[in-house]
Amino acid sequence: MTIIFMSGTFDKAMAAMILATTAASMNLEVTVFFTFWGLSFLKKGKRYRRKPLLRRMLELMTPGSMKGLPLTHLNMLGVGPAMMKALMKKSGMASLEELFRTAAGLGVKFYACSTSCSVMGVEENDLIPETAGTVGAATFLGEAKNSGINLFI
């Protein structure tokens, strides 16, 4: 199964991780390709000052890691995601970070789009260690060609 994740929002990240974890637990090979706003999911959360001004500005306007992703709707200056996380915890649902660790443990491959990284100013050292690397669209399409299930989130 292949997933293109281009959203920078918490609820869509949850959907992608639930699908990836479920598919991997069913012994499917899973590849998740993070592009454009979705790159925020793979970022470490550390800010680097050595970047040019425009790149630093873009970095300040996007979430620094999966922990800072807003909701698609009802973000309300960060109150929405906090409420959603509290409701999930109360319901006994795994957090986004727990789902991610589970997916990684099941062998899900996480790739960052090299073109998106270039445009968004994301460097290899900005990415969490679980990232399998930065690859181009051709690599992802090769994986997708051999996959029976392709999702775009």
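Take the residues in region 29-56 that are surrounded by fewer than 16 Cβ atoms within 10 Å (Cβ to Cβ) and within 29 Å of residue 2 (Cα to Cα); name whichever of them is modelled with the highest pLDDT.
29
Which of (1) in contact with a helix residue (DSSP H, G or I) (Cβ under 9 Å, 6 or more places away or on another chain); (2) loosely packed, with under 14 Cβ neighbours inside 10 Å does residue 125 not meet, given it meets every other one?
Single failed check for residue 125: (1).
Just checking, does region 7-24 include any residue being charged (D, E, K, R), at pLDDT 85 or above and surrounded by 15 or more Cβ atoms within 10 Å (Cβ to Cβ)?
yes
Only one of 57, 93, 84 is without any contact (Cβ under 8 Å) to a residue 40 or more places away in the chain and assigned to a helix (DSSP H, G or I); which?
Checking each option against the conditions leaves just 57.
Criterion first (surrounded by fewer than 16 Cβ atoms within 10 Å (Cβ to Cβ), touching a strand residue (DSSP E or B) at 6+ places or on another chain (Cβ under 8 Å) and not in a loop (DSSP other than H, G, I, E, B)) does residue 78 satisfy it?
no
Please name all residue pairs, on different chains or six or more residues apart, with Cβ atoms under 6 Å, provided the first residue is in region 116-134 and is in contact (Cβ under 8 Å) with a residue 40 or more places away in the chain and the second residue is polar (S, T, N, Q) and surrounded by 18 or more Cβ atoms within 10 Å (Cβ to Cβ).
116/35; 117/134
Count, please, the residues in region 55-91 that happen to be within 13 Å of residue 43 (Cα to Cα) and hydroxyl-bearing (Ser, Thr, Tyr).
So the count comes out to 2.
Residues of region 105-115 being in contact (Cβ under 8 Å) with a residue 24 or more places away in the chain and loosely packed, with under 13 Cβ neighbours inside 10 Å, which ones?
Across region 105-115, the qualifying residue is only 107.
Within the group 102, 134, 72, which residue is assigned to a strand (DSSP E or B), in contact with a Ser or Thr (Cβ under 7 Å, 6 or more places away or on another chain), among the β-branched types (Val, Ile, Thr) and surrounded by 13 or more Cβ atoms within 10 Å (Cβ to Cβ)?
One residue alone meets the criteria, 134.
Is it true that residue 68 is under 14 Å from residue 8 (Cβ atoms) and of a type in the set (Gly, Ala, Ser)?
yes
The values are calculated or read from the model by the stated rules, or taken from the named source; none is laboratory data. Not measured: the values here are computed from a predicted model. Neighbour counts run over all protein chains shown; Cβ positions are idealised from the backbone, glycine included.
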